[in-house]
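Working notes for the structure below.
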Amino acid sequence: MILSDSEIATLKATKTIGIIGLGDMGLLYARRFSQAGWNVCGCDREENYEKFSAEPFEVLKNGHLVSRKSDLVIYSVEAENIAKVVKMYAPSTKLGAVVGGQTSCKQVEIRAFEEYLPQDLDIVSMHSLHGPNVDTTGQPLVLIKHRASDASFNLVESLLSCLKSKHVYLSYQEHDRITADTQAVTHAAFLSMGVAWHNNNQYPWETPKWLGGIENAKINISLRIYSNKYHVYAGLAITNPSAHEQILQYANSCTELFSLMIQNKGDELRRRVFAAKQAVFGKLPKDHTLLLDDNLLQQYSLSKIPPEGKQPNSHLSLLAIVDSWSCLGIVPYDHIICSTPLFRIFLGVTEYLFCTPGLLEECLEDGLSKTSFRQDDLNFVIAAREWSSIVSFGDYGLYKDRFVKTQNFFMPMIGEANKTGNEMIKTILQRVAEREGGPVAGQN
Ligand SMILES: NC(=O)C1=CN([C@@H]2O[C@H](COP(=O)(O)OP(=O)(O)OC[C@H]3O[C@@H](n4cnc5c(N)ncnc54)[C@H](OP(=O)(O)O)[C@@H]3O)[C@@H](O)[C@H]2O)C=CC1
Ligand SMILES: O=C(O)C(=O)Cc1ccc(O)cc1
């Protein structure tokens, strides 16, 4: 429950909020909380201490010093490190404090809290479902009341209310099951596109094949992911067991659909894809309006080549996501409460392909009869399988190596792609907010 203004004013005057890990998300939280009038302290690794001298909140040398004075401690460190960091600082936590974390997959975080925090401490965790450069207004923010009194939960919720996000209340198990789909598989698809382009040694904005609105969305999102830190994507996929199963299904769907295309098994391909369409989109109301269309996305191109007619494309990456949702019994609309901007865009372009009259038939025809995309599709299948193996091995080193190689390949275009991607995301989020009648996010 969000408390009244006067109750919040009392909390602001009496409680200290501590943030351990002042990276992208920790810094966003610390700055926003202190701007809202909360008493905030934080730390990063000791060797980074000097870097934070200009911040408007108190910066301490380490997590012991933050823990011993904070009434609410939020861990905002890499998923790979969370258990180690909690183990280190948990014994210094102030008596009666509340502890939470920002890790994208909650299983490891909650286990670490249960194992290392003294029993008398409350646990309320959270997860902002967006990156650090997206306006927090109206974005989903998951709150997990794992082991806590109402007073502890109210403190956390009242603090987070300054972000103006949309609060979603889940258990940690529900959170992990849903975000495996809305985050891990979404990332797997865009990561695979990047590796496929890299392995084909092509920049898609230089090739006339990749022109058009849907292609712009694929390119901008893929490069946006490769502009980020690898550990964010590695952590949320590797630590989430549901993600392993779902990413494997995505790789299998890619393989099986591509196999049907190259064997020219048109009837079987159409039967399978239309059954998946029915399972995923069959229950949409008749007056459902599409979130995205090709024209809207047309303007967000990195290409200098003017668009010229329609290019044949099998859209294997989009056929495979619907097939894998159908095989796993997932209806993505049920997961919209935990949707990230990237998931909404992925669902938006998929919905556009599947629900615009005639488009799906056309792309299945292209997949079966045109060979111009075969090499790209083959590379895409290989990339999807590679990501699935890396995630199931649980090897952060291997993940980093694969990610960074492709990141370097795209490096010359990352700055411009981020600029265009930000504009594209801003337009799409405004459209989401207008449709839902919620608050419209400002520029960020
Ligand atoms: N980026 C995103 O879009 C989102 C990320 N998340 C999650 O939030 C968490 C943080 O992510 P993000 O901010 O992006 O990552 P960052 O790498 O930017 O931040 C993590 C910070 O924690 C620091 N750190 C590591 N160990 C310690 C320690 N012992 N004491 C203090 N600080 C430490 C890191 O230092 P160093 O770099 O030197 O290791 C780094 O500065 C992750 O679990 C991520 O999954 C959640 C939502 C969105
Ligand atoms: O929108 C996305 O999927 C992102 O890539 C940003 C992101 C990364 C990690 C999270 O836990 C939440 C959001």
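The values are calculated or read from the model by the stated rules, or taken from the named source; none is laboratory data. Quantities reported herein were computed from a predicted structural model and do not represent experimental measurements. Note: ideal-geometry Cβ built from the backbone for every residue, glycine included; neighbour counts use all protein chains shown. We work out accessible area using only protein heavy atoms, side chains counted, and drop any ligands, DNA or RNA first. Shrake-Rupley method; radii C 1.70, N 1.55, O 1.52, S 1.80 Å.
Miscellaneous remarks
- Looking across the stretch 301-317, the residues that are at pLDDT 85 or above, on the phi < 0 side of the Ramachandran plot and either open to solvent by 50 Å² or more (accessible area, probe 1.4 Å) or not in a helix (DSSP H, G or I) (or both) come down to Asn313, Ser314.
- Among (1) open to solvent by less than 10 Å² (accessible area, probe 1.4 Å); (2) in contact (Cβ under 8 Å) with a residue 60 or more places away in the chain; (3) outside any strand (DSSP E or B); (4) over 27 Å from Pro412 (Cβ atoms) - the single one Val142 does not satisfy: (3)
- Residue match in the stretch 247-257 (condition: among the aromatic types (Phe, Trp, Tyr), over 26 Å from the mean Cα position of the chain (by Cα) and more than 20 Å from Gly23 (Cα to Cα)): no
- Filter result for the condition that a residue is part of a loop (DSSP other than H, G, I, E, B), more than 16 Å from ligand 2 (Cβ to nearest atom) and at pLDDT 95 or above, over Glu47, Glu55: Glu55
- If only residues of the stretch 211-257 that are aliphatic (A, V, I, L, M) and more than 16 Å from ligand 2 (Cβ to nearest atom) are counted, the one that is surrounded by the fewest Cβ atoms within 10 Å (Cβ to Cβ) is Leu248.
- Scanning the stretch 6-54 for residues that are basic (Lys, Arg), within 15 Å of ligand 1 (Cβ to nearest atom) and free of Cβ contacts under 8 Å to residues at least 60 places away in the same chain returns Arg31, Arg45, Lys51.
Results for (1) within 13 Å of ligand 2 (Cβ to nearest atom); (2) among the β-branched types (Val, Ile, Thr); (3) on the phi > 0 side of the Ramachandran plot; (4) not in a loop (DSSP other than H, G, I, E, B), shown as yes or no for each residue.
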{"site": "Val99", "(1), (2), (3), (4)": "no, yes, no, yes"}
{"site": "Thr103", "(1), (2), (3), (4)": "yes, yes, no, no"}
{"site": "Gln107", "(1), (2), (3), (4)": "no, no, no, yes"}
{"site": "Arg111", "(1), (2), (3), (4)": "no, no, no, yes"}
{"site": "Pro118", "(1), (2), (3), (4)": "no, no, no, no"}
{"site": "Ile123", "(1), (2), (3), (4)": "no, yes, no, yes"}
{"site": "His130", "(1), (2), (3), (4)": "yes, no, no, no"}
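- Among the residues listed as Thr420, Thr406, Thr427, the single one being within 20 Å of the chain's Cα centre (by Cα) and open to solvent by less than 10 Å² (accessible area, probe 1.4 Å): Thr406
- Exclusive hit being open to solvent by less than 20 Å² (accessible area, probe 1.4 Å), within 14 Å of ligand 1 (Cβ to nearest atom) and among the hydrophobic types (A, V, I, L, M, F, W, C), set Leu72, Leu60, Leu129, Leu121: Leu129
- Among the residues listed as Thr356, Thr371, the single one being among the polar types (S, T, N, Q), closer than 30 Å to Leu284 by Cα and surrounded by fewer than 20 Cβ atoms within 10 Å (Cβ to Cβ): Thr356
- Annotation note: of Ser369, Ser389, the sole residue that is out of contact with any helix residue (DSSP H, G or I) (no Cβ under 7 Å at 6 or more places or on another chain), free of Cβ contacts under 8 Å to residues at least 24 places away in the same chain, closer than 16 Å to Tyr233 by Cα and of a type outside the set (Val, Ile, Thr) is Ser389.
- Pick from the stretch 150-196, criterion in a loop (DSSP other than H, G, I, E, B) and closer than 23 Å to Ile247 by Cβ, ranking: farthest from ligand 1 (Cβ to nearest atom): Ser171
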